[in-house]
Amino acid sequence: PILGDEFPRLPKPMLIGGSVVRFADAFIVHSRYVAERILAERNAHTPLGILHHGSFDRWREGDRREARRALGLPEDWVRSCLVVSFGGVQAHKRIDKVLQALALARKQRSDIRLILAGSIHSGDFDPVRMAQQFGLEDAVRFTGYLTEVQAWDWLHAGDFAINLRGPTTGGTSGGIFQAFSMGRSVIASDAAEQQELPDTCVVRVPLEAGEVETLARELVALRDDPSRRDRLEAGVR
C-alpha cells in the first residue's frame, strides 16, 4: 500500500504464533516446502499456487580460462578447478562448512579454489579470518559486492557453483538460479526447499552429520570427473 497524509494508516497485522499466514486469503509461493508450511499453519480451505523460481538462459560458450584471465586471476587460479558461490556471504549459507570442506579437499587436490562472490555479512562469524585459520589464503577469494551482471562473469568462469542453506529462511536461493542461468551445476544442501531441485543438475550434501566430509568428497570427485560436470551442465541447460 502507498501510505501518505491523504491515506489512512492501516492497522498492524495481527500475529498468532508469530505468523500472519492464518489471515491471508490466498498465496503464491516459490516451493512446495513453503506451501506445506503454510497449509500446516491453517485449518481452512487455502487457495495456493506454486510458481517456481525461474531463470533466463545467459550461458556462454567461451573458454572459461580466458574468462578467468579477463577477471584478473593469476595463472594458478586460471588452471584450477574453480568453484563459485554467488550471493551474500552469510552464516546460514554454511560458509564455515564450505571452508572446512575446502581445506579437507585440498589435502588431496591442491588446485581446488573458491570464489565467494558477494557482500560479506559477518554477523557472528568472520569468513575472512576463518579462511586464514584454515590456511586458505591462496584458495579463497572474496569479491565483495557485485551486481548481477558482474556476477555472471564469475559464474561463467567457474567449473560449478556451491550454495548451501541451513537453517532455511524459506526463500528460494537466487544464487542457485543465477548459477543455473549461466549453465552451471550446483552443490546444494539436501534439505528444505533445496530438495526440490532436479537431480539432473545438482549435487546434494546432507546437513549436520557428515556434511563436511561429504562435501569434501564431492569437491574432489567433481574436480576429477569433467564428464560428470558436463552431464550436470547439460541437465541445467
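The values are calculated or read from the model by the stated rules, or taken from the named source; none is laboratory data. Being a predicted model, the structure only gives us computed values, none of them experimental. Reconstructed Cβ throughout: ideal geometry from the backbone, glycine too, with neighbour counts over all protein chains shown. These accessible areas exclude ligands, DNA and RNA; they are computed on the full protein's heavy atoms, side chains included. Shrake-Rupley method; radii C 1.70, N 1.55, O 1.52, S 1.80 Å.
Quick check: anything in the range 166-179 open to solvent by 50 Å² or more (accessible area, probe 1.4 Å) and outside any strand (DSSP E or B)? Yes, because at least one residue in the range 166-179 is open to solvent by 50 Å² or more (accessible area, probe 1.4 Å) and outside any strand (DSSP E or B). Residues that are of a type in the set (Ser, Thr, Tyr) and part of a helix (DSSP H, G or I) were ranked within the range 195-237; the one that is surrounded by the most Cβ atoms within 10 Å (Cβ to Cβ) is Thr214.
Checked against (1) in contact with a helix residue (DSSP H, G or I) (Cβ under 7 Å, 6 or more places away or on another chain); (2) open to solvent by 60 Å² or more (accessible area, probe 1.4 Å); (3) farther than 25 Å from Phe177 by Cβ; (4) part of a loop (DSSP other than H, G, I, E, B), Gly123 passes all but a single condition, namely (3). Answer with yes or no whether Leu114 is in a loop (DSSP other than H, G, I, E, B) and open to solvent by less than 50 Å² (accessible area, probe 1.4 Å). No. Filtered by the rule that a residue be within 12 Å of the chain's Cα centre (by Cα) and over 25 Å from Arg217 (Cβ atoms), the range 159-184 gives Gly171, Thr172, Gly174, Phe177, Gln178.
One line per residue, one yes/no per condition, for (1) touching a residue at least 60 places away in the same chain (Cβ under 8 Å); (2) touching a helix residue (DSSP H, G or I) at 6+ places or on another chain (Cβ under 9 Å); (3) of a type in the set (Asp, Glu):
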{"position": "Val98", "(1), (2), (3)": "yes, yes, no"}
{"position": "Gln132", "(1), (2), (3)": "no, no, no"}
{"position": "Val140", "(1), (2), (3)": "no, yes, no"}
{"position": "Thr143", "(1), (2), (3)": "no, yes, no"}
{"position": "Gln150", "(1), (2), (3)": "no, no, no"}
{"position": "Ala157", "(1), (2), (3)": "yes, yes, no"}
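The residues in the range 22-54 that are of a type in the set (A, V, I, L, M, F, W, C), surrounded by 10 or more Cβ atoms within 10 Å (Cβ to Cβ), farther than 30 Å from Val236 by Cβ and at pLDDT 85 or above can be counted, and the count is 2. The residues of the range 55-110 that are outside any helix (DSSP H, G or I), open to solvent by 60 Å² or more (accessible area, probe 1.4 Å) and over 20 Å from Phe180 (Cα atoms), listed by number, are Arg79, Lys107, Gln108, Arg109, Ser110. Checking the range 135-155 against the condition returns no match, with no residue being closer than 22 Å to Val29 by Cβ, in a helix (DSSP H, G or I) and not β-branched (Val, Ile, Thr).
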